[in-house]
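Inspection log for the structure reproduced underneath, given as structure tokens.
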Amino acid sequence: MNTSNELTNASLALPSRRRAIPLPLLEAGLVVIWSSGFIGARFSIDYAPASLVVFWRSILVTLILFPFVARQLRQTPPAVLLKNAGIGLLAMAGYLFGVTEGIALGVPAGLAALFADLLPIGMAVLAAVVLRQRLTRSVWIGLLIGLAGVMLATHDALAWGTAPPWAYALPVLGMLSLAVATLWQKHSPDPQALGLLPNLWVQCCVSTFVFALVAGLHGSLAPIPNAGFAMSVLWTSVSTVGGYGLYWMCLRRATPTRVASVLYLSPPLTLLLAWAMFDEPLSWLMALGMAVSGVGIGLVIRGEAREAV
């Protein structure tokens, strides 16, 4: 009896422990790991088709997480699992397909990050049009300043790439898919909501079937027996669990607009990482753009804080 009580108390303490971590620290981790995902996608295309890497990434994450979530999954109503599966299809399969396929077709990693991280603007527009939400003027100004900073930071990257014109739409569609999933997750509260790890497992599991279809259309689903492919799968697995895990954690403690606006810092950091790893060009505009984006993010945070009072 005492052991059972101790386990119950420990499980109840987990959310409060997560809340003990300062939100800005979680957001900083989100930016770093989110940016590393773009670099992982860029790294992987030298060794295998992007869809094949993401397919095996989904399998690996699903297998590793299953022993830790099996019990809670069995106790979760099917309707809750279906809802989270739908969110996962949009947030993970839709977003990753747009980004990875765009990069695989020749869209530079920094430019893909720019398009994909238009997420704050896309989310704000969707919330205003679909959910009839009203954002304050300072929040809109902050979003636009943040976007201007991103465009400054990625200015030199806008002319790179040899992808066909239609391929540049893929990261944008991926961004819209994640925006819809984010608003769905935030505005459909459920007392039986899944925990963080079970939610990630469901999302990866449903994404596995999607990427199996996509990768199968490009060729064989068999893994490629070399170290580069194995490293690509491992890298994208870590960035997926860490990136999406921190994204959902931040979303539980802040508004979708704030969480998405923080990702304005991802394209400049992606360019910095791409310079360090792949010798892609770097310029002083990157530092200026990151500073401008920081000002925009600050305006968003202050604007939402005033609105909440």
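Could you work out which residue, out of Val210, Val80, Val202, moves most in a Gaussian network model of the chain, that is, has the largest mean-square fluctuation with Cα springs under 10 Å? In this elastic network of the chain, the residue with the biggest mean-square fluctuation among Val210, Val80, Val202 is Val80. When the alpha carbon coordinates of the chain are projected onto the principal axes, the ranges are 64, 56, 33 Å, largest first.
So what is the orientation-averaged projected area of region 181-266, using the convex hull of its C-alpha atoms, in nm²? Please report the intermediate quantities before stating the final value.
Numbers: hull surface 29.3 nm².
Result: 7.3 nm².
When the chain is treated as a Gaussian network with alpha carbon springs shorter than 10 Å, the biggest mean-square fluctuation among Leu118, Leu217, Leu89 belongs to Leu217.
Where only DSSP H runs of four or more residues are counted, the chain gives -25500 deg cm²/dmol as its mean residue ellipticity at 222 nm, each run worth -39500 (n - 2.57). Quick one: grab the alpha carbon gyration tensor of region 23-178, order the square roots of its eigenvalues as a ≥ b ≥ c, and give me rounded if a/c is under 1.5, else prolate or oblate depending on whether a/b is larger than b/c. Oblate shape, in that a/c is at least 1.5 and b/c is the bigger or equal ratio. Take each peptide in 48-55, 146-153, 69-76, 133-140, count the other Cβ atoms within 10 Å of every residue, and average; sorted highest first, the result is 48-55, 146-153, 133-140, 69-76. Its alpha carbons considered, region 66-130 gives a radius of gyration followed by a Dmax of 16.3, 44 Å. Which whole-percent values make up P(r) of region 216-292 when all C-alpha to C-alpha distances are grouped in 5 Å steps starting at zero? All Cα pairs considered, the percentages come to 3, 12, 13, 16, 16, 16, 13, 7, 3, 0. Which of Gly219, Gly296, Gly37 moves most in a GNM of the chain, Cα contacts under 10 Å? Answer for the Gaussian network model of the chain: Gly219.
Taking label positions 7 Å along the Cα-Cβ direction at both Val130 and Gln72, the computed distance is 2.5 nm, reported to one decimal.
As a length-normalised measure over Cα pairs under 8 Å and 6 or more apart, the relative contact order of the chain settles at 37 percent.
Only the coordinates and a few stated rules stand behind these numbers; no lab work does. Being a predicted model, the structure only gives us computed values, none of them experimental. Cβ sites come from the backbone with ideal geometry, for glycine too, and all protein chains shown count toward neighbours.
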